[in-house]
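A.B. asks: The following block contains the structure, expressed as structure tokens.
Please treat every number below as a calculation from the coordinates, not as lab data. What you are looking at is a predicted structure, and each value in this text was computed from that prediction instead of being measured. Heads up, the Cβs are rebuilt from the backbone with ideal geometry, glycines too, and the neighbour counts pull from every protein chain shown.
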Ligand SMILES: [Zn+2]
């Protein structure tokens, strides 16, 4: 069934587990995620960035995700990193049950004002809103924050921001980065900062840039020709700590991209005579499903649907 992110995240924070939010761009990703959710009996957030909406088309995405949400698994349809108010409005009008407004690169007052606008639109549609305070380093579709300019979330400001905007969930910056190259040197999250934020801010917290960059998946990709160099992700132990201290939504994009890349490379490499796209896509789908299932176990969302 299609639900809001609020409906999924409030119990998650209370019971100390996190709901995985997977970025999807097409049917292959969506089917892998849904098959994992059904197998693990996990609630799931299916999210599309502005880049995904441009790539696949809003109507196609909405139609596909609606079908995915027809079964028993609670599914939220969410706009990830919405920066363009027009796109967010269009998505809410088209049936998204949740949207993120990312005003983290804006001056504080403007971030508040635009988030309030999105909250107003979402309320009228019965949808929920994720907002962001503090910038997350790295690169996501259309969002580029230089690592040196990234600033971590200030706990007192996060409280003020959550109160002023009325957002349903808050994305915070505690040291994660988007992409496959998250850390140079230090690999730990700022858990002390998270504890302080969680003490003040009672809405569910969201962790972006939280892929693990799984070693075995990277190995398969590299074995078949990928050059990923020093790709490094967030440690499972840090993810567990983050969930313990209030993180209830964890975004995973890079790990599915890596699984897809590894599976495709393997298929093309090992089946040189095959031209059936379904056969070529199969290892990628299976690997994406496997990775999604591992996240549901790690986050404690398995068995919660
Ligand atoms: Zn993000």
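A.B. asks: Can you compute the modelled spin-label distance between residue 275 and residue 39, with each label point 7 Å from Cα toward Cβ, in nm?
C.D. replies: 3.1
A.B. asks: Follow-up. Using r as the Cβ-Cβ distance of residue 109 and residue 1, and R0 as 51 Å, what FRET efficiency do you calculate, to the nearest 0.05?
C.D. replies: On the way: r = 38 Å, r/R0 = 0.75.
Working from the Cβ atoms, E equals 0.85.
A.B. asks: How many angstrom lie between the C-alpha centres of region 150-183 and region 235-286?
C.D. replies: 26
A.B. asks: Specify the angular offset, from 0 to 90 degrees and rounded to the nearest 10, of the alpha carbon long axis of helix 155-165 from the longest principal axis of the alpha carbons in the chain.
C.D. replies: Between the helix axis and the principal axis of the chain, the angle is about 80 degrees.
A.B. asks: To continue, here is another question. Calculate, for residue 16 and residue 290, the FRET efficiency according to 1/(1 + (r/R0)^6) with r their C-beta to C-beta distance and R0 25 Å; round to the nearest 0.05. It would help to have the intermediate numbers written out before the result.
C.D. replies: Working: r = 25 Å, r/R0 = 1.00.
For R0 = 25 Å, the calculated efficiency reads 0.50.
A.B. asks: If the chain between residue 223 and residue 26 were fully stretched, how many nm would it gain, using 0.36 nm times the residue separation less the Cα-Cα distance? Walk me through the numbers on the way to the answer.
C.D. replies: Details: separation 197, 0.36 × 197 = 70.92 nm, distance 2.58 nm.
Length gained between residue 223 and residue 26: 68.3 nm.
A.B. asks: Using a 7 Å offset from the Cα along the Cα-to-Cβ direction at both residue 70 and residue 215, what is the distance between the two label points in nm, to one decimal?
C.D. replies: So the label points at residue 70 and residue 215 sit 4.3 nm apart.
A.B. asks: Please report, for the Cα atoms of the chain, the Rg to one decimal and the Dmax as a whole number; what are they, in angstrom?
C.D. replies: Rg then Dmax for the chain, in Å: 18.2, 60.
A.B. asks: Additional query: Starting from 0.36 nm per residue, how many nanometres of slack lie between residue 230 and residue 124 once their C-alpha separation is accounted for?
C.D. replies: Working: separation 106, 0.36 × 106 = 38.16 nm, distance 4.58 nm.
Stretched fully, the residue 230-residue 124 segment lengthens by 33.6 nm.
A.B. asks: Compute the helix-to-body angle for 85-94: its Cα long axis versus the longest principal axis of the chain, expressed 0 to 90° and rounded to tens.
C.D. replies: 70
A.B. asks: May I pose another question? What nm value, rounded to one decimal, do you get for the distance between residue 85 and residue 116 when each label is placed 7 Å out toward the C-beta?
C.D. replies: Taking the simple label geometry, residue 85 and residue 116 are separated by 1.2 nm.
A.B. asks: How would you rank 28, 110, 282, 132, going from fewest to most other Cβ atoms within 10 Å of each one's own Cβ? Let's see the in-between values first.
C.D. replies: Numbers: 28 19, 110 11, 282 16, 132 26.
Lowest count first: 110, 282, 28, 132.
A.B. asks: Once the Cα atoms of helix 58-68 and of the chain are each reduced to a long axis, what angle between those two axes, in degrees from 0 to 90 to the nearest 10, is obtained?
C.D. replies: Long axis of 58-68 versus the principal axis of the chain: about 80 degrees.
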